[in-house]
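Peer 1: Next up is a structure, given as structure tokens.
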Number of protein chains: 2
Amino acid sequence: MVEQIKYSIGVDLGGTNIKLGIVTNTGKIIKKISVDTKAEGGSKVVISQIKYGIDLLLKGNKYKIQGIGIGSPGVVSMDKGTVENPPNLPGWKKVFLRKELEKITNTKVVVENDANAAAIGELIYGAGKKLKSFVMITLGTGVGGGLIINRKLYRGDTGAGGEIGHIVIDLHGKKCNCGNTGCVEAYLGNGYLINAVKEELPNYPDSKINKLINNDTENLTPKVISEAVQLNDKYANEIVKNMGENLGAALATVSNILDITNFVIGGGVSGFGKPLFDATSNATKRRVLASLSKYIKIIPAKLKNEAGIQGAAALVYYLQ
Amino acid sequence: MVEQIKYSIGVDLGGTNIKLGIVTNTGKIIKKISVDTKAEGGSKVVISQIKYGIDLLLKGNKYKIQGIGIGSPGVVSMDKGTVENPPNLPGWKKVFLRKELEKITNTKVVVENDANAAAIGELIYGAGKKLKSFVMITLGTGVGGGLIINRKLYRGDTGAGGEIGHIVIDLHGKKCNCGNTGCVEAYLGNGYLINAVKEELPNYPDSKINKLINNDTENLTPKVISEAVQLNDKYANEIVKNMGENLGAALATVSNILDITNFVIGGGVSGFGKPLFDATSNATKRRVLASLSKYIKIIPAKLKNEAGIQGAAALVYYLQ
């Protein structure tokens with residue numbers, strides 16, 4: 001008997017881009033596109049960008065679509081289909097995303113926190129396929145998280161569970177967009193990271209980063225820093241070591257609270273590769289309670305940049 | 001029909017004292033005593049102190065004892081009855097506490113993390129009686145925690161769940177006994193707190209604390225600081241405000257990870273009362289994600305100093 005292939009749309013709603021894909025129920029992306037989020041325009045503009053992306057994606061589509069899964073930043077209530085206070089989408093407060101999208105698409109919509117959706121993707125198709133419990137961490141514009149406990153997504157009462165990015169690692173530290181100080185996101189989120197390097201770079205005139213950006217800090221990206229690490233640049237190595245130290249402090253906290261020792265790391269900044277994973281692993285093992293240290297495993301996400309789309313698409317199949 | 005009253009022994013194993021009580025299945029303590037832990041003697045001495053305490057407690061006892069519940073520091077495996085690396089009991093590493101105690105008492109023994117046991121006490125008889133989910137925090141020699149999620153104790157795979165004291169609040173901060181730096185316990189644990197005040201006190205010659213301790217820092221205790229707060233001493237107020245700030249950073253982290261907003265605080269240091277609860281509540285509400293802030297509740301434990309005994313005794317009835 002041949003199992004019937006099903007199709008759904010996965011929408012990965014980011015602060016900068018919206019990535020959309022048609023995805024099979026085995027996790028294969030058969031078509032994908034990306035459109036600007038236009039976040040500065042507020043929720044109405046962003047929602048019309050999602051609609052625009054879906055229309056673009058479905059041009060010439062011949063498959064039956066089971067539904068649309070959205071991975072959104074912020075606090076999401078899956079039951080109500082609402083998104084509250086997404087830190088990187090200004091002016092949202094509380095938006096009834098599911099209702100508004102169902103109205104304009106005439107299709108079933110499922111909304112979940114973007115990091116939770118990525119975790120679902122890893123759980124079903126990826127690095128978490130064989131793990132009982134793990135914490136998914138997505139390093140990008142923000143730092144997202146998703147908790148998988150006993151093969152189930154932990155949402156908490158209001159759906160705010162797993163906000164790993166807002167673990168405080170230095171209570172007197174850097175200001176975070178969420179209003180708190182010293183959140184791990186304020187150190188590892190793309191924008192924060194680049195701003196910190198911009199400030200520090202003048203102190204490292206010999207760093208190879210200067211040449212890579214033609215001495216113009218406007219060219220600074222995580223990718224450039226990653227390239228400098230591959231050239232064994234001393235300052236770039238230090239940046240990544242600090243990132244690992246900061247992330248490791250947050251992961252040790254999670255382990256000590258939840259007794260979970262598997263961490264799957266995905267998202268753009270995880271492109272720093274082995275140096276970041278080693279630094280994070282060392283810091284976490286050193287900081288966590290002795291009885292847990294030997295179990296700590298920091299592993300790269302398997303679904304890479306498509307985890308968001310795949311996880312969002314999986315919501316349609318796995319969470320209803 | 002009259003329900004039969006049952007009796008068990010609750011043992012609250014602390015770094016300084018072992019508190020023992022005969023407790024009814026409704027949580028009433030009918031007899032209690034306290035003996036020295038003699039922690040510096042290592043596990044064999046501590047175990048013989050527990051036995052000595054039990055014998056003392058049972059002198060003249062006429063009730064049938066259902067079992068002995070032990071609330072122990074460190075990472076406890078309830079299944080194996082083991083205690084690993086209790087930070088305030090030197091030289092333990094891994095001790096088969098249940099087995100050793102059952103051998104010398106001929107009675108059923110249940111071992112659980114002391115903070116988990118206190119949480120069970122609050123869940124059954126105390127401040128958590130009507131809460132769906134809450135985090136129990138015990139402020140004493142160390143800072144313990146217990147997670148109650150959907151009316152059940154969350155233990156995690158190895159029983160290390162809920163180690164709230166080892167949440168990192170300042171990754172470059174104070175050294176903690178666990179080997180990590182910046183754990184919240186390194187700021188609020190009795191010994192750490194007193195040491196910090198000893199160091200700072202010379203900078204506050206006008207503080208009323210100096211008079212309360214007859215200018216001898218050896219007389220410094222949390223109780224003295226609490227008395228100074230009641231006298232509206234400026235420095236003492238600052239100490240408690242800082243404690244609340246430190247604890248609030250840790251609780252905001254827990255809320256952001258677990259989407260739990262109820263915190264029950266017990267243990268000796270919680271005797272600072274309203275000023276500490278207010279400072280902790282303010283800091284937590286300010287730091288936590290906006291969508292959770294309005295739900296934050298910091299409430300005092302109901303069982304006060306006897307929570308450890310009552311919770312340990314409850315293990316016999318509720319966890320087997």
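Peer 1: If a residue counts only when it is outside the structural domain of B:Phe272 (by TED's automatic domain parsing) and of a type outside the set (Asp, Glu), which strands (runs of 3 or more DSSP E) contained entirely in the range B:75-165 have at least 3 such residues?
Peer 2: In the range B:75-165, the matching strands (runs of 3 or more DSSP E) lie at B:75-77, B:109-113.
Peer 1: Test B:Asp55 against the stated conditions and say whether it is within 20 Å of the chain's Cα centre (by Cα) and either acidic (Asp, Glu) or assigned to a strand (DSSP E or B) (or both).
Peer 2: Here the answer is no, as B:Asp55 does not meet what is asked.
Peer 1: Residue check, B:Pro205 against (1) assigned to a helix (DSSP H, G or I); (2) modelled with pLDDT of 95 or more, all met but one. Which one?
Peer 2: Only one criterion is unmet by B:Pro205, namely (1).
Peer 1: Determine which member of the set A:Lys211, A:Lys175, A:Lys241 is farther than 30 Å from B:Ile164 by Cα and not small (Gly, Ala, Ser).
Peer 2: It is A:Lys211.
Peer 1: Kindly provide the set of residues from the range B:135-153 that are touching a strand residue (DSSP E or B) at 6+ places or on another chain (Cβ under 8 Å) and either crowded, with 24+ Cβ neighbours inside 10 Å or at the interface with chain A (Cβ under 9 Å from one of its Cβ atoms) (or both), ordered by number.
Peer 2: B:Val135, B:Met136, B:Ile137, B:Thr138, B:Leu139, B:Val143, B:Gly144, B:Gly145, B:Gly146, B:Leu147, B:Ile148
Peer 1: Of the residues A:Gly189, A:Gly179, A:Gly248, A:Gly156, only one is within 14 Å of chain B (Cβ to nearest Cβ) and crowded, with 24+ Cβ neighbours inside 10 Å; which?
Peer 2: Values: A:Gly189 fails: within 14 Å of chain B (Cβ to nearest Cβ); A:Gly179 fails: crowded, with 24+ Cβ neighbours inside 10 Å; A:Gly156 fails: crowded, with 24+ Cβ neighbours inside 10 Å.
Going through A:Gly189, A:Gly179, A:Gly248, A:Gly156 in turn, just one is within 14 Å of chain B (Cβ to nearest Cβ) and crowded, with 24+ Cβ neighbours inside 10 Å: A:Gly248.
Peer 1: Given the conditions (1) modelled with pLDDT of 95 or more; (2) farther than 22 Å from A:Ser255 by Cα, report the number of the one that B:Asn190 does not fulfil.
Peer 2: (1)
Peer 1: Restricting attention to the range A:65-79, which residues are within 14 Å of A:Glu102 (Cβ to Cβ), over 14 Å from the mean Cα position of the chain (by Cα) and crowded, with 19+ Cβ neighbours inside 10 Å?
Peer 2: Matches in the range A:65-79: A:Gly67, A:Ile68, A:Gly69.
Peer 1: Next question, about the same structure. Can A:Thr217 be described as away from chain B (no Cβ under 14 Å) and out of contact with any helix residue (DSSP H, G or I) (no Cβ under 6 Å at 6 or more places or on another chain)?
Peer 2: It is false that A:Thr217 is away from chain B (no Cβ under 14 Å) and out of contact with any helix residue (DSSP H, G or I) (no Cβ under 6 Å at 6 or more places or on another chain).
Peer 1: Further, regarding this structure: Only helices (runs of 4 or more DSSP H) wholly contained in the range B:217-320 count here; list those with 2 or more residues that are under 29 Å from A:Lys93 (Cβ atoms).
Peer 2: Counting at least 2 such residues, we get B:234-258, B:274-287, B:290-293.
Peer 1: Still on this structure: Please pick out the residue among B:Lys223, B:Lys174 that is touching a residue at least 40 places away in the same chain (Cβ under 8 Å) and either surrounded by fewer than 22 Cβ atoms within 10 Å (Cβ to Cβ) or over 25 Å from the mean Cα position of the chain (by Cα) (or both).
Peer 2: B:Lys223
Peer 1: Only one of (1) surrounded by 16 or more Cβ atoms within 10 Å (Cβ to Cβ); (2) more than 14 Å from chain B (Cβ to nearest Cβ); (3) not aromatic (Phe, Trp, Tyr) is not met by A:Thr26, so which one is it?
Peer 2: So A:Thr26 meets the others, but not (1).
Peer 1: Going by the structure shown, is A:Ile257 without any contact (Cβ under 8 Å) to a residue 12 or more places away in the chain and within 14 Å of chain B (Cβ to nearest Cβ)?
Peer 2: Criteria met by A:Ile257.
Peer 1: Being over 16 Å from A:Lys297 (Cα atoms) and modelled with pLDDT under 90: is that true of A:Asn116 here? Reasoning before the result, please.
Peer 2: Numbers: over 16 Å from A:Lys297 (Cα atoms): yes; modelled with pLDDT under 90: yes.
Yes: the conditions hold for A:Asn116.
The values are calculated or read from the model by the stated rules, or taken from the named source; none is laboratory data. Just so you know, these numbers come straight off a predicted model, no measurement behind them. All Cβ positions, even for glycine, are placed from backbone atoms using ideal geometry, and neighbour counts span all protein chains on display.
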